[in-house]
Amino acid sequence: MSFTLPDLPYSYDALAPYMSRETLEFHHDKHHLAYVNNGNNLLKGTEFEGKSLEEIVKGSYGKNAGLFNNAGQHYNHLHFWNWLKPNGGGAIPGELEKKIVEDFGSVDKFKEDFIQAGVTQFGSGWAWLAVKDGKLIVAKTPNGESPLVTGATPILGVDVWEHSYYIDYRNRRPDYLKAFVENLVNWDYVAELYSKA
Ligand code: MN3
């Protein structure tokens, strides 16, 4: 397969004031597009042509750094746009909420751990909620990595590269993460991924 850039599932103004049009224009139209174009160029002539995106991400990890970085970021961003929605945050669908309480003790404890993972990811990377061996875990990864490469299934991720928040929050990464959790998360999409994990 080759990589293509999907349209955002909402308008560029839809996530304001928590994520501005300008951030989405740079992040989607320039950064994500660059991963798509670079990924397609690096995919050409490799053993990964014709494979699914997840197979490319997992297969290129540790083997083909250039392809992995771009395919990994393409995978992460495809989901990231769907992990956001206008008037997000709020109630977590029942079954997923139950599992969060079971594995973290409370929803608040999960949110605290998730935000902490994003705050403490040194440099560029992502913070995650993932399913591993039937259990929910919080994780953080550098650059374009995701829990996919450690045999887990990511169900929620937040981009903590500076391009994702610097226009709106400058150096206040904790404020961006709090807004992500409280006002932007599309829990229906997280629950959908959880049900398939
Ligand atoms: Mn990004």
Taking the alpha carbon gyration tensor of the chain, what are the square roots of 5 times its eigenvalues, largest first, to the nearest whole Å? 26, 21, 15
Using the Karplus curve 6.51 cos²θ - 1.76 cosθ + 1.60 with θ = phi - 60°, what ³J(HN,Hα) values do you get for each residue of segment 179-196, in whole Hz, with x for Gly and Pro? 5, 4, 5, 8, 10, 10, 4, 8, 5, 4, 5, 4, 5, 4, 5, 4, 5, 9
Separation of segment 1-41 and segment 155-197 by C-alpha centroid, Å? 15 Å
Net charge dipole size for the chain [Lys, Arg +1 and Asp, Glu -1 on Cβ; Debye, nearest 20]: 340 debye
In this structure, among Lys111/Lys196; Lys63/Lys196; Lys109/Lys196; Lys99/Lys135, pairs with alpha-carbon gaps over 18 Å are Lys111/Lys196; Lys63/Lys196; Lys109/Lys196
Check which residues have an amide H placed less than 5 Å from Asn186's amide H, if you skip close sequence neighbours. Leu84, Lys85, Gly89
Of all trypsin sites (Lys or Arg not before Pro) in segment 124-195, the ones in DSSP coil with at most 15 other Cβ atoms within 10 Å are Arg170, Arg172
Relative contact order (percent) for segment 1-103, with alpha-carbon contacts under 8 angstrom and 6 or more residues of separation? 33 percent
Dipole magnitude of segment 21-83 about its Cα centre, charges +1 at Lys/Arg Cβ and -1 at Asp/Glu Cβ only, in debye to the nearest 20? 120 debye
What trypsin sites (Lys or Arg not before Pro) does segment 1-46 have in DSSP loop regions with at most 12 other beta carbons within 10 Å? Lys44
Table column - 3J(HN,Hα) (Hz), segment 5-18, Karplus curve with 6.51, -1.76, 1.60, x for Gly and Pro: 8, x, 5, 5, x, 7, 6, 5, 8, 5, 9, 5, x, 7
Sequence of Ser20, Ser164, Ser2 once ranked by neighbouring C-beta atoms within 10 Å, starting from the fewest: Ser2, Ser20, Ser164
Taking a cut-off of 14 Å between Cα atoms, list the aspartates and glutamates near Lys178, but don't count ones fewer than 8 places away on the same chain. Asp108, Glu112, Asp113, Asp159, Asp168
With θ set to phi - 60° and the Karplus curve 6.51 cos²θ - 1.76 cosθ + 1.60, what are the ³J(HN,Hα) couplings of segment 57-62 in order, to the nearest whole Hz, using x for Gly and Pro? 4, 5, x, 8, 4, x
Residues meeting the amide H criterion for Val160 (H placed from the backbone, H to H distance under 5 Å, 5 or more places apart or on another chain) are Gly125, Trp126, Ala127
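Throughout, read-outs are computed from the coordinates displayed, never taken from laboratory work. Note that the coordinates shown come from a computational prediction; the quantities given were computed from them, not determined experimentally. Note that each Cβ is placed from the backbone with ideal geometry, even for glycine, and that neighbours are counted across all protein chains shown.
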